[in-house]
Number of protein chains: 2
Amino acid sequence: MNILEQARQQVSFDVDSVTPLLYGSKEQAEQFLAIFRHIKQFLEKCKNIPEVQTSPDYYNWNRGIQFLSKGDQALAFQKLLDFKLDEIPLYLGTIIYSATTNYYGVYFGMVLPAIKVLGTDEQINAWYKDCLNLKIAGCYAQTELAHGSDVQSLQTTATYDQKTDEFIIHTPSVEAVKFWPGELGFLANWALVYAKLIVNNKSHGVQAFMVPIRDFNTHKPLPGIEVGDIGPKIGYTSKDNGYLKFTHCRIPSFNMLAKYIKVTRDGQVIRQGDPKVSYSAMMIMRKLIITVYPRTAATSLTIAIRYSIARQQFTNDQGQENSVLEYQTQQHKLLPLLANLYSIIFTGLKVGQLVDLNFSQVQKQDFSLMAICHAIICGTKANFTYFVSNCAEWCRLSCGGHGYAHYSGLPAIYQDNCPNITLEGENQIMYLQLARFLLKLYNQAKQASKKINETYFGLFNRLQAITDYRCTQFTREQILQLLESNVIHSIQITNDKMMAHINSGLDPKSVWDYKIGTDLWSSANNFIEYYKYLSFLQTIDQADNNNTKRVLRDLADLFAASILLEGSSVLIEAGVINVESIKLIREFYTQQLTIIKPEAIGLVEAFRYNDASLRSTIGCSDGQPYEKTYHSAINENTLNKTDFKPIVNQLKNIKARL
Amino acid sequence: MNILEQARQQVSFDVDSVTPLLYGSKEQAEQFLAIFRHIKQFLEKCKNIPEVQTSPDYYNWNRGIQFLSKGDQALAFQKLLDFKLDEIPLYLGTIIYSATTNYYGVYFGMVLPAIKVLGTDEQINAWYKDCLNLKIAGCYAQTELAHGSDVQSLQTTATYDQKTDEFIIHTPSVEAVKFWPGELGFLANWALVYAKLIVNNKSHGVQAFMVPIRDFNTHKPLPGIEVGDIGPKIGYTSKDNGYLKFTHCRIPSFNMLAKYIKVTRDGQVIRQGDPKVSYSAMMIMRKLIITVYPRTAATSLTIAIRYSIARQQFTNDQGQENSVLEYQTQQHKLLPLLANLYSIIFTGLKVGQLVDLNFSQVQKQDFSLMAICHAIICGTKANFTYFVSNCAEWCRLSCGGHGYAHYSGLPAIYQDNCPNITLEGENQIMYLQLARFLLKLYNQAKQASKKINETYFGLFNRLQAITDYRCTQFTREQILQLLESNVIHSIQITNDKMMAHINSGLDPKSVWDYKIGTDLWSSANNFIEYYKYLSFLQTIDQADNNNTKRVLRDLADLFAASILLEGSSVLIEAGVINVESIKLIREFYTQQLTIIKPEAIGLVEAFRYNDASLRSTIGCSDGQPYEKTYHSAINENTLNKTDFKPIVNQLKNIKARL
Ligand SMILES: Cc1cc2nc3c(=O)[nH]c(=O)nc-3n(C[C@H](O)[C@H](O)[C@H](O)COP(=O)(O)OP(=O)(O)OC[C@H]3O[C@@H](n4cnc5c(N)ncnc54)[C@H](O)[C@@H]3O)c2cc1C
Ligand SMILES: Cc1cc2nc3c(=O)[nH]c(=O)nc-3n(C[C@H](O)[C@H](O)[C@H](O)COP(=O)(O)OP(=O)(O)OC[C@H]3O[C@@H](n4cnc5c(N)ncnc54)[C@H](O)[C@@H]3O)c2cc1C
């Protein structure tokens, strides 16, 4: 029996019982498994179409070919699998399959929804059919060379010309050139442009405009448009992030998305409706980042944990080679990540429900969850995207040399996921927004001015009890209390610092920016870690057998112990925890490593990713990394067909003078 | 005056006074600056040879072209700059210029030195001329598919055939295929093969063999040889890491490097001389990783700090846009890295001297520094390579969207440096080796059995004092004591744990592997951090004016404070430090951020990297990132010359069904 099989025998829980928890329900699990089967089927069907294969060779190609191959892939996907864009799970599948497979991913994921929520019925009627036919294929053109996070300072102008009833879209400086929009480089023929609305020399803030940029027939840039691709990046090899410069381009006034703002023919600017409604719909896109992308971390961990079992190096006291997963340090690298992944998947499912609930409430003009939803999205977005990137990196490192090569499947996960830290709300700024909300809640709670939402922020209703809590002898039953304390005390310390600075005469904004940024960051992060543990526990309650519950609880507590060891300085500073307890947590942590180690293979395989989806020679289910790796080097590497003799001969002219 | 110029005005020390400290001396600084000028000159001279330019466009090309371009570059380098391989500083320059520029880098850096130290005079005479002429161009073929770190378990065999006086080199299984050697894929026609020597059915350990693998004239694989490139990786785009499989290949017995081991004609295996001599020479190569590669982190930081000053987002209380470096969180991301970089550069220079000193002593049969030198090399290798990779990553993240694109210069630094964590001794294993040494010293010191080397491990001679030390009220004067305590207490705790496990009946090897790995890891790391701070202080003493001393001391203490905040749990657990002091360290830390912020631009520019060496549109010395970035997107991006209309047209067949 091979070593991976042996490891599977040691798993003490029913792996099938965990899968539905990871996907939200039995039905959703089935949908996901169907995606994995689709992917497998797809790859098998197009075995003989090299451009469509996803082999490591892809990373040998030039970017033009890479770009084209993704187009071929999209076409083949549609042909072979009857690709329907409304099948959200399939859309998710393509993300798992490859973050950048989605030709028109930004278009369908960001531009169309924006038109739907910011456009009037008239506008939607006018454009939507062409949008679905890809006659209009737009990009989301917000970021400029000099401004990204600070959207209010965008410099592109949209000036209303009352004479002709048009807007003039213009790029006033190189700083204002649109830069980064995905699909702008080659694909898009329209752009949803965010620009400063100017009417009668007065600015009315940044608004959204539908601007044609390329001719539908020739696909050449329209007059006044300079457009192209910005160049190669770490990953996103086949995504054409672009630049766009306008020279006095005129569009009909009809083209400003006008559900919440309107310019009348005589130059009046009228605001209408509650833009919060639109915001609640836009949240649905951020939901993707929180619920879908973390699932790529399950890919990294499936690969790394399987390989760490199959990889044997150095002999043990019985003279046999050890799996490297036997080494405590290897467990320390991988198992806390696995525990964290579970907490993130479970929490993501909860956040998804919150976003949906908020959306449906907002439809009924109930905005009570809006701020809560925004705060939690910001914090989880920041926490989860850091995690995915960091997890990919440590999985890679834990695979030694092989982790550095594309055949391992790990580099691509890192390369395509690491920008998520920056895009869709830079993480730093996301954390600051959650922190702002937490400070507000804290002060409301302190003044007992308002009852805080119990479901999401219940800990603020127990401020006194939490503040008074002390841990003199750590046991695992105290973990939740410790994590709660960690939140409340860090907010308290931050708030005290803030007040002290303000009382000494500094303005609040300066305090915020220059004095307490790192405290705000850790307060927000501490809250999210607490929230993840809580969600983990709540999910365990849903498990339907005791073995599963036991293992998941062990995993949850491993996660919590790792968090407490890394980030418990506030607990020490606030006197919540004593030296004895810290030692006990450390012991508990290493003990949990030992307990989770034999379960690890079951815990990653509960995700049920098939070999085709992993795209890794070293992480396959049969536990035989070497044959496949060797095969890949020979057969999935067109460079070996090139004759490099001429350059080698030429190089012999280099005379070493040592 | 532009904002970067303004920032330079605020620097309070003489930047020129720091440069010699960073390069070891005025003379060495001059050599380095000459390299930078060479690079600039080189790039200017070949402005019209696109394959030789290093523009972001490089990352659009296919790997074959990338590979060829590096060959052209090497040739052009020689032609234009009279490239002499014995000019070590120039060699270093090419590393700074690009980690993978070095065609034959592994050959000159690893294979030739190995021949020199492991070969007999006769062997050196026989091969060396051909080596320098590149008639023999070898790769370093040690790692196999299934074994890397565990060199003793390599499976390739070299069986002595007494009849013919030959060795038969053979790959007995797919696991034993040589995998990863740089320059094996396309360039090499010889390989220095590490294989198990078998004489009369008895194994005599892994030895080194010179094996021809490709025909000199046709460059085709010789009979019995399967060879090629392993495929694309994260970085190292133009390095042909290869695979190599032998089927009973015969080589003359002369081809085993025989300075320390010999097989006689009648099949006797004779060991001769002290292989430590050879090991001391091999150390000189590791020295490169410790002293040269960290200098690429100065590139990342020069780019990130300049850009963080030029990048302005969000307005302050005066309504002006802030440089993002004004934000505390941005300082928190970058300034501890800058401080750490200085500690690493200064420490690297000291380790370099130690390696040289050891080498010269070994020539005189004095092996007294050998073990010390090995231990320090292991620890600094691990610490420094983690740092460079992590620093590149955070510099990238601190540059927002632009950091993700190759035009920023940051992705390449990460991609080409991150494998250093794994290669030339996997970091984990490096730390374990240092930890082993530290535990030994600790036990020697405890039994007062031996006086410990005062220069490098003096703290072990003060075991009692250090153990007794307590910090009740932190001041910066206590930093060194705290870092010493951190070392001694973590070793002590680890040692106690180890003894407890051994006393409870576990064998020492199992304790080591399964019980205390993470403790060993942090003991080793704590030692290196202490050693870095000590080296920093010693270097400050060499500064020739008080202003410089003051700023460098502030920087050193920022470094130390960040280390203490992250890794001081042992100090808490051992009762060395109280809650009050932790709070004081945290305050001290944020205060140091504020003090270093205005000096940061001076501290990075003291490295004197010119714009040509940075290869970044956003990090240039003129503080004008946007013009150059826009220019690069348009002019350094051949993809914009491709017509993608056909695929766009085809894609219009994708019908969305939303
Ligand atoms: C792969 C990729 C795809 C993209 N796709 C699109 C797209 O389709 N459409 C589009 O419009 N844009 C797109 N973008 C751009 C992206 O949205 C922005 O890059 C992102 O919003 C970050 O903004 P920035 O670049 O301005 O970062 P910056 O805000 O400039 O960040 C730089 C540094 O400053 C810090 N900082 C900034 N403000 C503050 C503050 N107030 N307090 C503390 N620290 C601060 C940040 O934390 C960071 O460390 C894409 C980017 C990438 C990388
Ligand atoms: C870019 C690059 C260039 C290279 N160039 C060359 C070359 O020119 N010639 C050549 O011969 N090779 C080369 N190599 C191979 C390289 O030397 C090996 O990959 C490296 O030595 C690591 O060994 P490994 O791959 O066996 O990792 P492994 O040792 O298998 O590491 C896997 C995991 O196991 C852990 N582990 C292993 N043993 C232990 C232990 N005892 N205790 C605790 N944890 C353990 C490690 O920490 C790691 O997390 C290159 C590799 C790369 C990436």
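The values are calculated or read from the model by the stated rules, or taken from the named source; none is laboratory data. Small disclaimer: the values here were computed from a predicted structure and weren't measured. Every residue, glycine among them, receives a Cβ derived from its backbone with ideal geometry; neighbour counts consider all protein chains shown.
Points to keep in mind about this one:
- Test: residue in region B:319-333 that is within 14 Å of chain A (Cβ to nearest Cβ) and of a type in the set (Gly, Ala, Ser): yes
- Condition check for B:Ser69: under 26 Å from B:Thr629 (Cβ atoms) and surrounded by fewer than 20 Cβ atoms within 10 Å (Cβ to Cβ): no
- Here region A:432-454 is the region considered, the condition is being among the small types (Gly, Ala, Ser) and away from chain B (no Cβ under 13 Å), and the residue that is farthest from ligand 1 (Cβ to nearest atom) is A:Ala448.
- Residues satisfying the stated conditions in region B:138-172, i.e. more than 16 Å from ligand 2 (Cβ to nearest atom) and either touching a Gly at 6+ places or on another chain (Cβ under 6 Å) or farther than 18 Å from B:Phe246 by Cα (or both): B:Gln162, B:Lys163, B:Thr164, B:Asp165
- The lone exception for B:Leu423 - which of (1) within 12 Å of chain A (Cβ to nearest Cβ); (2) in contact with a Ser or Thr (Cβ under 7 Å, 6 or more places away or on another chain) it fails: (2)
- Criterion violated by A:Gln592 - all others in (1) more than 10 Å from chain B (Cβ to nearest Cβ); (2) part of a helix (DSSP H, G or I); (3) in contact with an Asp or Glu (Cβ under 9 Å, 6 or more places away or on another chain); (4) surrounded by fewer than 22 Cβ atoms within 10 Å (Cβ to Cβ) satisfied: (4)
- Test: residue in region B:513-529 that is part of a loop (DSSP other than H, G, I, E, B) and in contact (Cβ under 8 Å) with a residue 40 or more places away in the chain: no
- Only listed residue being modelled with pLDDT of 90 or more, surrounded by fewer than 16 Cβ atoms within 10 Å (Cβ to Cβ) and in the same structural domain as A:Ile601 (by TED's automatic domain parsing), chosen from A:Gln320, A:Gln328, A:Gln313: A:Gln320
- Residues being surrounded by 19 or more Cβ atoms within 10 Å (Cβ to Cβ) and in contact with a strand residue (DSSP E or B) (Cβ under 8 Å, 6 or more places away or on another chain) - total across region A:261-278: 2
- Test: residue in region B:419-426 that is among the aliphatic types (A, V, I, L, M) and more than 24 Å from the chain's Cα centre (by Cα): no
- Among the residues listed as B:Ser581, B:Ser562, the single one being assigned to a helix (DSSP H, G or I), surrounded by fewer than 24 Cβ atoms within 10 Å (Cβ to Cβ) and more than 28 Å from the chain's Cα centre (by Cα): B:Ser581
- Check on A:Gly235, without any contact (Cβ under 8 Å) to a residue 60 or more places away in the chain and within 30 Å of B:Tyr630 (Cα to Cα): no
- Any chance B:Lys655 is at pLDDT below 95, surrounded by fewer than 17 Cβ atoms within 10 Å (Cβ to Cβ) and out of contact with any Leu (no Cβ under 9 Å at 6 or more places or on another chain): no
- For A:Ile429, the criteria (1) within 14 Å of chain B (Cβ to nearest Cβ); (2) more than 16 Å from ligand 1 (Cβ to nearest atom) hold in every case but one, which is (2).
- Note on region A:23-56: residues that are over 26 Å from the mean Cα position of the chain (by Cα) and either part of a helix (DSSP H, G or I) or under 19 Å from A:Thr299 (Cβ atoms) (or both) total 5.
- Only residues that are outside any helix (DSSP H, G or I) and under 27 Å from the mean Cα position of the chain (by Cα) were counted in region B:120-139, giving 4.
- Number of residues in region B:613-655 that are more than 9 Å from chain A (Cβ to nearest Cβ) and of a type in the set (Ser, Thr, Tyr) equals 4.
- Out of A:Ser522, A:Ser504, A:Ser510, sole residue that is more than 16 Å from ligand 1 (Cβ to nearest atom) and not basic (Lys, Arg): A:Ser504
Residues checked against (1) surrounded by fewer than 21 Cβ atoms within 10 Å (Cβ to Cβ); (2) over 30 Å from B:Asn420 (Cβ atoms):
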residue: A:Asn358; (1), (2): no, yes
residue: A:Lys364; (1), (2): yes, yes
residue: A:Asn383; (1), (2): no, no
residue: A:Val388; (1), (2): no, no
residue: A:Glu393; (1), (2): no, no
residue: A:His406; (1), (2): no, no
residue: A:Ala412; (1), (2): no, no
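- Count of residues meeting criterion [surrounded by 19 or more Cβ atoms within 10 Å (Cβ to Cβ) and among the acidic types (Asp, Glu)] in region A:459-508: 1
- Residues of region B:30-48 that turn out to be without any contact (Cβ under 8 Å) to a residue 12 or more places away in the chain and hydrophobic (A, V, I, L, M, F, W, C), as a count: 0
- The requirement of being within 16 Å of ligand 1 (Cβ to nearest atom), in contact with a strand residue (DSSP E or B) (Cβ under 7 Å, 6 or more places away or on another chain) and more than 14 Å from chain B (Cβ to nearest Cβ) is not satisfied by A:Leu184.
- In this structure, A:Gly224 does not satisfy being over 22 Å from A:Tyr103 (Cα atoms) and surrounded by fewer than 16 Cβ atoms within 10 Å (Cβ to Cβ).
- Test: residue in region A:381-394 that is within 16 Å of ligand 1 (Cβ to nearest atom), out of contact with any Lys or Arg (no Cβ under 6 Å at 6 or more places or on another chain), of a type in the set (Val, Ile, Thr) and more than 23 Å from A:Phe457 (Cβ to Cβ): yes
- Flag not set for B:Ala281, criterion: buried (at least 24 other Cβ atoms within 10 Å of the Cβ) and either of a type in the set (Asp, Glu) or assigned to a helix (DSSP H, G or I) (or both).
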